[in-house]
1. Does Gly26 count as more than 14 Å from the chain's Cα centre (by Cα) and either open to solvent by less than 60 Å² (accessible area, probe 1.4 Å) or in contact (Cβ under 8 Å) with a residue 24 or more places away in the chain (or both)?
2. Residues of the range 57-97 being crowded, with 16+ Cβ neighbours inside 10 Å, touching a residue at least 40 places away in the same chain (Cβ under 8 Å), over 16 Å from Ile12 (Cα atoms) and of a type in the set (A, V, I, L, M, F, W, C), which ones?
3. Just for the range 29-47: of the residues that are more than 16 Å from the ligand (Cβ to nearest atom) and among the small types (Gly, Ala, Ser), which one is surrounded by the fewest Cβ atoms within 10 Å (Cβ to Cβ)?
Amino acid sequence: MSDHKLCNLSDIEDGNSAAFTAEFDGKTNMVLAVRNGERVTVYLNSCPHTGAPLDLNEGKFLSRERKYIICSTHGALFKIEDGYCISGPCRSSSLEAVPVTIKNGDVLIL
Ligand code: FES
């Protein structure tokens with residue numbers, strides 16, 4: 001896979017999250033993205049607990065204080081920086097990271 005544009009950086013509010021679909025690995029994938037300034041972390045939108053999407057409200061992936069990614073189904077909490085689950089039924093597992101880079105204001109899937 002190489003350089004598929006996911007979105008513009010400005011499509012994700014700073015300090016917040018958004019949902020996208022993206023073509024890579026030969027299929028359409030649901031992903032979630034969290035932005036912190038010029039940094040964006042992207043994961044497959046699939047909870048390690050059941051495989052369900054994490055957002056019951058589309059695009060809302062962050063806990064109330066915006067410190068963790070939260071699964072709305074059973075409340076698992078994941079670290080934003082590496083997707084590691086610190087609490088909930090899938091504790092100690094991780095979200096699957098999607099490597100991205102930012103170029104000229106575009107978020108590109110590597
Ligand atoms: S489906 Fe995500 S915590 Fe159960």
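1. Numbers: more than 14 Å from the chain's Cα centre (by Cα): yes; either open to solvent by less than 60 Å² (accessible area, probe 1.4 Å) or in contact (Cβ under 8 Å) with a residue 24 or more places away in the chain (or both): no.
It is false that Gly26 is more than 14 Å from the chain's Cα centre (by Cα) and either open to solvent by less than 60 Å² (accessible area, probe 1.4 Å) or in contact (Cβ under 8 Å) with a residue 24 or more places away in the chain (or both).
2. Cys90, Leu95 - these are the residues of the range 57-97 that are crowded, with 16+ Cβ neighbours inside 10 Å, touching a residue at least 40 places away in the same chain (Cβ under 8 Å), over 16 Å from Ile12 (Cα atoms) and of a type in the set (A, V, I, L, M, F, W, C).
3. The residue in question is Gly37.
The values are calculated or read from the model by the stated rules, or taken from the named source; none is laboratory data. Since the structure is predicted, the reported quantities are computational estimates derived from the model, not experimental observations. Backbone-built Cβ (ideal geometry, glycine too); neighbour counts: all protein chains shown. What goes into the accessible areas is simple: the full protein's heavy atoms, side chains included, and nothing from ligands, DNA or RNA. Shrake-Rupley method; radii C 1.70, N 1.55, O 1.52, S 1.80 Å.
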